[in-house]
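S.K.: Take a look at the following structure, please.
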């Protein structure tokens, strides 16, 4: 009985861990636009960067350097939702968004508090793991 319980706990942890790990590159592309998040998770902390290309490439919102961290936040392990502060490279201001893991291969990005000023990051989008 202990072996079965132990295996069930381990299996449950693995499913939980897979569904709450936000690390990786996430992307959404469609004609005229693309939105990419590069995320790294360490425990309940999340950091990363974004690249958003909009209006057929006429507007690009990203960090100034590929090493720039434009996203920081924490993950609520019970809800599997990350609340992050992001910095628009276009207006150089900060906003607040949530990232929700919906399955092993997809997340939903949703801006809760947009940065003041002009920005070119989708307000809501579903991204797929690359």
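The values are calculated or read from the model by the stated rules, or taken from the named source; none is laboratory data. All of these numbers come straight from a predicted model, not from anything done at the bench. All Cβ positions, even for glycine, are placed from backbone atoms using ideal geometry, and neighbour counts span all protein chains on display.
S.K.: From the list 49, 88, pick out the single residue that is buried (at least 18 other Cβ atoms within 10 Å of the Cβ), closer than 22 Å to residue 30 by Cα and more than 14 Å from the chain's Cα centre (by Cα).
M.R.: It is 88.
S.K.: What strands (runs of 3 or more DSSP E) lie completely within region 54-129 and have 2 or more residues being at pLDDT below 95?
M.R.: Fully inside region 54-129 and qualifying: 94-103.
S.K.: Which of the residues belonging to region 30-64 are out of contact with any strand residue (DSSP E or B) (no Cβ under 8 Å at 6 or more places or on another chain) and closer than 23 Å to residue 82 by Cβ?
M.R.: Within region 30-64, 42, 43 meet the criteria.
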